[in-house]
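Heads up, the thing below is written out as structure tokens.
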Amino acid sequence: MADSNRIRLRGQLVENYDGLIRKLTRRLGSSDFAHDALHETFLRLDRVTDAVTVRSPTDYKFRTAINIAKDRQKAQNYRVSSSEIDALLDVCDDDPDPARIVEARSEIEAFKRALAELPPRPREVLRSISIEGQSAHEVAARLQVSIRTVESDLKLALGHCADSLDHTLHRRLGGPRPRL
């Protein structure tokens, strides 16, 4: 009698379907999951051969359904949810794009040309105050000029660089800085 295991197992699954569903639902915690696992079990019974007789068909079907459910659960755990995909796609790239890099390099070159066009003292005042962070008093003492001259040279240098770079120079409100 060829395929006797397969025929016997399928017949018993159909006869005990409701009992197996209840048992699987208790074990898996979900009626839908139990139905899916048992339907997959029915399909897998096509692979059963008569090479070895199945001694406990009920246990065999139940264990097969449990293994199918575990495999599906593992596969589901490896899947990425749509919210996780959205989060991954929303990652911001902080690196500047090539166009921005070229634009910045061009602006640096324009700034260097604007500095080179300045007379030596205003250029030195701008470098000392803006880059090195020296105070107007320190620069005035070092260059042996008045603070007013340093402020005037700084204003000239900033205005020239802003004009050369086509930037708007924002003027401070409220008069001169307090002197400390």
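A search for C-beta distances below 7 Å between a residue of segment 108-137 that is farther than 21 Å from residue 166 by Cα and of a type in the set (A, V, I, L, M, F, W, C) and any residue that is at pLDDT 90 or above and open to solvent by 50 Å² or more (accessible area, probe 1.4 Å), counting only pairs 6+ apart in sequence or on different chains, returns 136/151.
So which residues in segment 109-142 are among the aliphatic types (A, V, I, L, M), open to solvent by 50 Å² or more (accessible area, probe 1.4 Å) and at pLDDT 90 or above, if there are any at all? First the steps, then the outcome.
Applying the first criterion (among the aliphatic types (A, V, I, L, M)) to segment 109-142 yields 110, 114-116, 118, 125-126, 129, 131, 136, 139-141.
Pick out the ones that are also open to solvent by 50 Å² or more (accessible area, probe 1.4 Å) and you get 116, 131, 141.
Hits for segment 109-142 are 116, 141.
Results for (1) free of Cβ contacts under 8 Å to residues at least 24 places away in the same chain; (2) within 30 Å of residue 35 (Cβ to Cβ); (3) touching a strand residue (DSSP E or B) at 6+ places or on another chain (Cβ under 8 Å), shown as yes or no for each residue.
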{"position": "50", "(1), (2), (3)": "no, yes, no"}
{"position": "53", "(1), (2), (3)": "no, yes, no"}
{"position": "58", "(1), (2), (3)": "no, yes, no"}
{"position": "67", "(1), (2), (3)": "yes, yes, no"}
{"position": "77", "(1), (2), (3)": "yes, yes, no"}
{"position": "81", "(1), (2), (3)": "yes, yes, no"}
{"position": "84", "(1), (2), (3)": "yes, yes, no"}
{"position": "88", "(1), (2), (3)": "yes, no, no"}
{"position": "95", "(1), (2), (3)": "yes, no, no"}
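The values are calculated or read from the model by the stated rules, or taken from the named source; none is laboratory data. Source: prediction; values computed, not measured. Please note: Cβ atoms are built from the backbone with ideal geometry, for glycine as well, and neighbour counts cover all protein chains shown. Just so you know, the surface numbers come from the protein's heavy atoms only, side chains and all, with ligands and any DNA or RNA stripped out. Shrake-Rupley method; radii C 1.70, N 1.55, O 1.52, S 1.80 Å.
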